[in-house]
1. Could you work out how much longer the chain between E206 and A89 gets when fully extended? Use 0.36 nm per residue separation minus the Cα distance between them, nm to one decimal.
2. Let me spell out the model: positive unit charges on the Cβ of Lys and Arg, negative unit charges on the Cβ of Asp and Glu, origin at the Cα centre of the chain. What dipole size does that give, in debye rounded to 20?
3. Could you list log10 I(q)/I(0) for the stretch 142-249 at q = 0.12, 0.15, 0.20 Å⁻¹, which the Debye formula gives when each Cα is one point scatterer?
4. Round to the nearest 0.05 the FRET efficiency obtained for R147 and D224 when R0 = 41 Å and r is the Cβ-Cβ distance.
5. Would you mind checking which residues have amide H under 5 Å from V48's amide H? H placed 1.01 Å from N; only 5 or more apart, or other chain.
6. Tell me, rounded to the nearest percent, the portion of alpha carbon pairs in the stretch 4-255 spaced more than 27 Å apart.
7. Along the charge dipole of the chain, pointing to its positive end and built from +1/-1 on Cβ of Lys, Arg, Asp and Glu, which listed residue (A57, S132, S209) has its Cα farthest out?
8. Could you give the distance between the Cα centres of the stretch 143-200 and the stretch 46-87, to the whole Å?
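Derivation of every value follows stated rules applied to the coordinates shown; laboratory data play no part. Only a predicted model underlies this, so the values are computations on that prediction, with no experimental measurement involved. Note that each Cβ is placed from the backbone with ideal geometry, even for glycine, and that neighbours are counted across all protein chains shown.
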Amino acid sequence: VLLEGSLRQALATHAFVLHYQPQLELNGERLHGLEALVRWQHPELGLVAPGKFIPLAEESGLIVPLGRWVLAEACRQMAEWRDAGLLSAETMMCVNLSTKQFADQELLGVIQRSLRESGLDAGQLELEVTESVMMRASDQVIPQLERLRALGIKVALDDFGTGYSSLSYLKRLPFTKLKIDRSFVSELPEDASDVAITKAIIALAESLSLDVLAEGVETARQRDFLRVHGCRLAQGFLYSRPLAAVECERYLAAFG
Ligand code: G
Ligand code: G
Ligand code: NA
Ligand code: MN
């Protein structure tokens, strides 16, 4: 079992790595961005997926120092690839933030330091939050999001449609992108409800002037459906699984 002690030790021994999953424009298939996804290089278990340790990291509060490392490493890597000419200054680096990190008073300072130390432009950083963040949308979250937006950082609402959010939050919170959860994408275009829900989310994004990305795109039929219905961006195994840094470098080099 994965225990808090070993998680703490993993942080101290730098046993975490980031993988990167490409996000593409559906029209023309240009690279839009990379989503950073953390893995744990466990001495016995090998590469451990975040689903196995992020919940524990959240419960124990270790998500805060782990999240700081993720932010610093993602920014550092992105600036390195930019300087090597492997991607443009418009390509986004997308980093997942858990709700607990939003309660961290130092979050803004941590992000600013990651940008300053890496030399990455704030406009190239996007934070992904889930709808659970909006449950706390009262006092802390809105000002926190507004400060991030004021720095030029983008904020995506992840796994959209699966949480307990009210649509009124979309009006009040300064998001820049909706990510359509992959549970709505997996049975496109056969499932009539998923078709209706996906079209509705795309229309909602458009009318609120938000960018929109479909997650979990695995087939050409899903891609074609999304493209025809005006979804701008996609991410999924059809394009690429999440890649280790060295693999991602090769992917970027081949992309041109
Ligand atoms: O890579 P994988 O599909 O196993 O990721 C599962 C989930 O783990 C992702 O959907 C994401 O929400 C979460 N996750 C991955 N990396 C991070 C991270 O760096 N920070 C946080 N808070 N969550 C992450
Ligand atoms: O939304 P979140 O950040 O939690 O999801 C990212 C996770 O989804 C990653 O762990 C990644 O491995 C997984 N993922 C990415 N693309 C696909 C896909 O096309 N199909 C499936 N089933 N999972 C995917
Ligand atoms: Na995400
Ligand atoms: Mn997601």
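1. Details: separation 117, 0.36 × 117 = 42.12 nm, distance 2.50 nm.
Stretched fully, the E206-A89 segment lengthens by 39.6 nm.
2. On the way: 26 positive and 34 negative charges, 79 e Å.
Dipole size: approximately 380 debye.
3. Each listed q corresponds, in turn, to -0.45, -0.68, -1.04.
4. Details: r = 40 Å, r/R0 = 0.98.
Computed FRET efficiency for R147 and D224: 0.55.
5. Counting only residues 5 or more places away or on other chains, the set is W40, Q41, H42.
6. Values: 11447 of 31626 pairs.
Counting every Cα pair in the stretch 4-255, those more than 27 Å apart make up 36 percent.
7. Ranked along the dipole, the leading option is S209.
8. 22 Å
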